Amino acid sequence: MNPTVSARLSGLQKERLLAEFSMWSADLLRLADDLDRTRAVADIYHIDVADGHFAPALLFFPDQVARMRQATDRPLHVHLMVKDEVLIEQIRQFADAGADIISIHLENETVIDEALALIAELGLMAGIVLKVDTPVAGVAPYLGRVGFLTLLGTAIGVKGQGLDPAATARLQEARALIADAGRGGEIVLAADGGIREHTVPLLRAAGAETVVMGSLAFGAPDLADRIAWVHGLPAPEAPVS
């Protein structure tokens with residue numbers, strides 16, 4: 001891994017629930033201001049990239065990420081929601097822009113092997129994301145090649161939805177797969193979507209090691225207090241073998 005990337009990621013305190021701030025919920029007119037006011041408490045900045053085809057939204061582009069890179073030394077996690085035909089070039093562009101972690105979708109079936117190999121070649125951490133209705137077991141062959149596994153808890157690319165009822169069971173299944181692969185403590189298990197004050201404790205208990213926070217972070221009346229609460233949630237019980 002690139003030494004600079006490794007240094008940023010080594011600062012993550014994985015013994016606690018990590019707070020991953022979704023830039024989609026920041027003030028898009030004042031991104032620099034929001035980066036500045038959150039830098040003391042954000043563990044990771046999560047940057048959604050959508051092409052309007054793989055996901056319905058149109059979101060962040062490389063020049064924006066390059067400017068964010070200049071504004072923070074926190075890890076930048078780029079989540080690519082793009083079609084297979086453009087995925088490889090998008091990986092190169094966002095790597096050049098300063099991403100530390102690049103997550104692609106398990107559903108990028110035709111290029112997933114090439115994509116994971118390229119991310120590793122570029123010295124970054126690779127991640128895989130699963131849509132809410134994709135069977136969790138399908139990720140098993142790739143667990144030796146990633147450092148992040150993100151499970152969506154809502155439909156892809158749409159804000160403001162409630163948490164899917166199966167989200168906690170899916171996290172438990174993913175956690176067991178990671179343990180079976182001997183990667184416990186090496187792969188960060190993330191929950192993305194439906195992140196609310198009442199759902200975060202449930203997701204943590206199910207095995208989430210980071211939660212992708214939108215309005216729960218950027219809209220918090222007392223941000224330091226909110227993130228202290230997230231960081232203080234108890235670790236989940238050991239998975240049943």
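The values are calculated or read from the model by the stated rules, or taken from the named source; none is laboratory data. This one's a predicted model, so the numbers in the text were calculated from it and none came from an experiment. Positions of Cβ are generated from backbone atoms using ideal geometry, with glycine treated the same way; all protein chains shown enter the neighbour counts.
Points worth noting:
- Count - residues of the range 199-241 that are surrounded by fewer than 16 Cβ atoms within 10 Å (Cβ to Cβ) and within 20 Å of V158 (Cα to Cα): 2
- Counted residues, the range 171-195 - those being under 16 Å from the mean Cα position of the chain (by Cα) and among the charged types (D, E, K, R): 3
- Exclusive hit being modelled with pLDDT under 95 and in a loop (DSSP other than H, G, I, E, B), set G160, G182: G160
- Across the range 14-32, not a single residue is classified as of a type outside the set (D, E) and more than 25 Å from L223 (Cα to Cα).
- Candidate set from the range 1-45 (those that are assigned to a loop (DSSP other than H, G, I, E, B) and of a type in the set (D, E, K, R)); member that is surrounded by the most Cβ atoms within 10 Å (Cβ to Cβ): D43
- Scanning the range 68-90 for residues that are more than 19 Å from R8 (Cα to Cα) and aliphatic (A, V, I, L, M) returns L80, M81, V82, V86, L87, I88.
- Residue in the range 193-200 that is modelled with pLDDT of 95 or more, in a loop (DSSP other than H, G, I, E, B), within 20 Å of G127 (Cβ to Cβ) and acidic (D, E) present: no
- Checking V211, V230 one by one, the residue that is of a type in the set (A, V, I, L, M, F, W, C), closer than 27 Å to V49 by Cβ, assigned to a strand (DSSP E or B) and at pLDDT 95 or above is V211 and no other.
- Residue in the range 104-113 that is over 19 Å from the mean Cα position of the chain (by Cα), among the hydrophobic types (A, V, I, L, M, F, W, C) and surrounded by fewer than 21 Cβ atoms within 10 Å (Cβ to Cβ) present: yes
- Given (1) small (G, A, S); (2) out of contact with any Lys or Arg (no Cβ under 9 Å at 6 or more places or on another chain); (3) surrounded by fewer than 22 Cβ atoms within 10 Å (Cβ to Cβ); (4) not in a loop (DSSP other than H, G, I, E, B), index of the condition G144 fails: (2)
- Of the residues making up the range 71-85, those that are touching a helix residue (DSSP H, G or I) at 6+ places or on another chain (Cβ under 6 Å) and either crowded, with 17+ Cβ neighbours inside 10 Å or closer than 12 Å to I128 by Cα (or both) number 5.
- All positions within the range 66-90 that are hydrophobic (A, V, I, L, M, F, W, C) and in contact with a strand residue (DSSP E or B) (Cβ under 6 Å, 6 or more places away or on another chain): L76, V78, L80, M81, V82
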